[in-house]
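What follows is one structure encoded as structure tokens, with my remarks underneath.
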Amino acid sequence: MIQAQQLTKRYGNKTVVDQASFTVQPGKVTGFLGPNGAGKSTTMRMIVGLAAPTSGQVLVNQRDFKKSRHPLTEVGTLLEAKSVHKSLTPLAHLRAMAATAGLPSSRVHEALALTGLSGVQRKKVGGFSLGMGQRLGIATALLGDPQVLILDEPVNGLDPEGVAWVRNLARQQAAEGKTVFISSHLMSEMAQTADHLIVIGRGRIMADAPISEFIDNGLAQTIVRASDIDALMNALSAEGIQLRRIDGQTLEVTGPDSEIIGRRALETGVALSELRPLQRTLEDAYMELTRDAVEYNSNIVAEHSGGK
């Protein structure tokens, strides 16, 4: 379990993480989302003591992780995949890590096999692709069979097979009762992997909820095509109903479900040619929530560069 309480990190006058409080529970995959510069990596680094909080605290399994006597068996991390020296081989790197942690050599070969690196265990890391480097980083994280797994963008550089492998690995680790905390910019993949989501924007926690609850904001969205769109809009323009006109005959309705819309149309005498509920995706919900929390807005950039 990971418990952050009013966790804050400042660099000079810049607040990178601002009073973040959350709990990452064991037995489930918790996704960590946020725009670039939102504070995700800094938060992960504070969890394992690589960055000191300005204020607040974070506990791993009820303790300060910096005081752990057996860190590799408690927390496995992938924070920077390319941190391995280029002259080393995966076998040499993992053997050194195992020796410093007092782990048996059998764990080295298990980690290599689990990550698909057995066939390249004697090749130098300097010749590895980004995806192979990611696999070695994950192998290092798994070396001590830790109870907590923290993975920052683990699918970066992986091919589709590798992405699916990371997904299955994360879910398998969670099924074993471990705490899995994972960040990614791939919304479609996070939707298939995570059970719970924590969203951070401009250093503040913006959402902390089960993924199904995060996606479903409680308001139905429906696409409606009608012969007399103006009459239908007048009939639907009641309190709590949001209307967005798409074109001369199409309307996006937020609020009532399809049955209510159909009944209003019937009462008004408006013929409907389409009545289609919209399925909200994780990307829809995320973009809506973080619209004002991005560090760089592409619309602003386009406006300033358009005249050049």
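Structure summary
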item: Residue check for residue 225: over 30 Å from residue 31 (Cβ atoms), outside the structural domain of residue 156 (by TED's automatic domain parsing), loosely packed, with under 15 Cβ neighbours inside 10 Å and touching a residue at least 12 places away in the same chain (Cβ under 8 Å); result: no
item: Of residues in segment 258-289 being part of a helix (DSSP H, G or I) and of a type in the set (Lys, Arg), the one nearest to residue 235 (Cα to Cα); result: 264
item: Identity of the residue in segment 185-222, among the small types (Gly, Ala, Ser), touching a strand residue (DSSP E or B) at 6+ places or on another chain (Cβ under 7 Å) and in contact (Cβ under 8 Å) with a residue 40 or more places away in the chain, that ends up surrounded by the most Cβ atoms within 10 Å (Cβ to Cβ); result: 194
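The values are calculated or read from the model by the stated rules, or taken from the named source; none is laboratory data. Note that the coordinates shown come from a computational prediction; the quantities given were computed from them, not determined experimentally. Positions of Cβ are generated from backbone atoms using ideal geometry, with glycine treated the same way; all protein chains shown enter the neighbour counts.
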